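Written out below as C-alpha cells is the structure these notes cover.
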Amino acid sequence: MIKKIAIYGKGGIGKSTTVANLTAVWGSKDLNCLVIGCDPKADTTRTLYGERIPTIVHTLKENRSPERDDLIFKGFKGIQCVESGGPEPGVGCAGRGVIVAMKRLEKLGVFDEDLDVVVYDVLGDVVCGGFSVPLREKYADEVLIVTSGEYMALYAANNIVRGVKKLKGNLSGIILNCRNVDREEEIVNDFAKKIGTHVVGTIHRSNLIQDAELNAKTVVEKYPESDEAQEYKNLASSIMHNQTTSTPEPMDDEEFEKFFKTYLTKN
C-alpha cells in the first residue's frame, strides 16, 4: 500500500525542511517517493533537487498541454519533486494552485504509478479551501502536524486540528520541531494528549540543518553521519511504523489560552 501523508503546520515552522529530510531518508532506503509542495512559495523541493523547480501553475501558463517531465523532476535518490505554485502575492487564490496541480497530476496518471510514499507539504495557517484538497479529496490518508512549543505555532496547530476533525481525517501525530523555548517538549507532549494524539518524533534545533539548506541540500544528504541526520532517520522510522491514528478533538480558544498560560505561571 502507498503511504500518503499530508504534513501541515504554521508557515515558517519547518514543514518543508521536515518533508525534504524525511523523504531523503526514505529515498535512501530505495523507496519510490513523490513530494508535492502545496505552498505558493514553492520551496519544498529545493533541497532535494538542488535548485528551485518550475511550478505546475507557471508551466501551465506557458504550455497548456505539458508532458509528465515538464511537471515532475527527479532529485536526490530519484525522489520525484513537484511544486504546485500559485499566483503572485496579492493576486488571486493561492489554494487554487493546489487544486489545479492535483487535477493535472491525476490526469497524467501520476497517482496510479508504482509509488511507496507520497508526501504533501501544506501551508496550515491560511483559511482557504484549496489547502484542504489533499485531505478533502482523499489524496492523503493521514495527517502529521509540525509545531514548536511557541504560542502561535500551537495556535495554528489547534486550528489545523479543527480542519482535520471537520473533514474526518486521520491524525497520525505531532512532529516537534524545536525552537528552544522553555519547557518545549513538555508543552507539546501535553498539547498532543489534550487533542487526542501523540508526539511521533522530535527534531532539535541545529545550525547544521541551516548550513545544509544554504547549500541546497538536506542534512541527510550533506551530513549523513550527523546526529541531526539520525534524528530524521528516527522520525522517518517512527512515521513508517506508526499504527496509531485518531480523529482529534481541538480545544476551543478559551481552553487553549488557559492551557498555554499554565506553562507561563509554572516555576
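Some notes on this structure:
- Normalised per residue, the accessible area of the range 159-258 is 53 Å², obtained with a 1.4 Å probe and no contribution from ligands, DNA or RNA.
- Listed peptides 248-258, 75-85, 199-209, 18-28 appear in the order 18-28, 75-85, 199-209, 248-258 once ranked by packing, highest mean of other Cβ atoms within 10 Å at the front.
- Taking 20 Å as the limit for the C-alpha separation, the pairs 193/258; 77/233; 41/217; 29/77; 15/103; 29/217 exceed it in the case of 15/103.
- Isotropically averaged projected area of the chain, using the convex hull of Cα atoms (one quarter of hull area), nm²: 13.8 nm²
- Within the chain, DSSP assigns beta bridges of which about 10% are antiparallel (rounded to the nearest 5).
- Measuring nothing but protein heavy atoms, the accessible surface of the chain at 1.4 Å probe radius is 47 percent carbon and sulfur.
- Loop GluC sites (Glu not before Pro), the range 1-70, which have at most 11 other Cβ atoms in a 10 Å radius of their Cβ (DSSP): 51, 67
- The listed peptides 134-147, 96-109, 34-47, ordered by packing as a protection proxy, come out as 34-47, 134-147, 96-109 (highest mean of other Cβ atoms within 10 Å first).
- Only helices enter this figure: runs of n ≥ 4 DSSP H residues, each worth -39500 (n - 2.57), summed and divided by the residues of the chain, yield -12500 deg cm²/dmol at 222 nm to the nearest 500.
- Mean separation of Cα contacts under 8 Å, 6 or more apart, over the residue count of the chain: relative contact order %: 23 percent
- The mean accessible area for residues of the range 1-153, using a 1.4 Å probe and ignoring ligands and nucleic acids, is 42 Å² per residue.
The values are calculated or read from the model by the stated rules, or taken from the named source; none is laboratory data. All values reported here derive from a predicted model rather than from experimental measurement. With ideal geometry, Cβ positions are generated from the backbone for all residues, glycine too; neighbour counts draw on all protein chains shown. These accessible areas exclude ligands, DNA and RNA; they are computed on the full protein's heavy atoms, side chains included. Shrake-Rupley method; radii C 1.70, N 1.55, O 1.52, S 1.80 Å.
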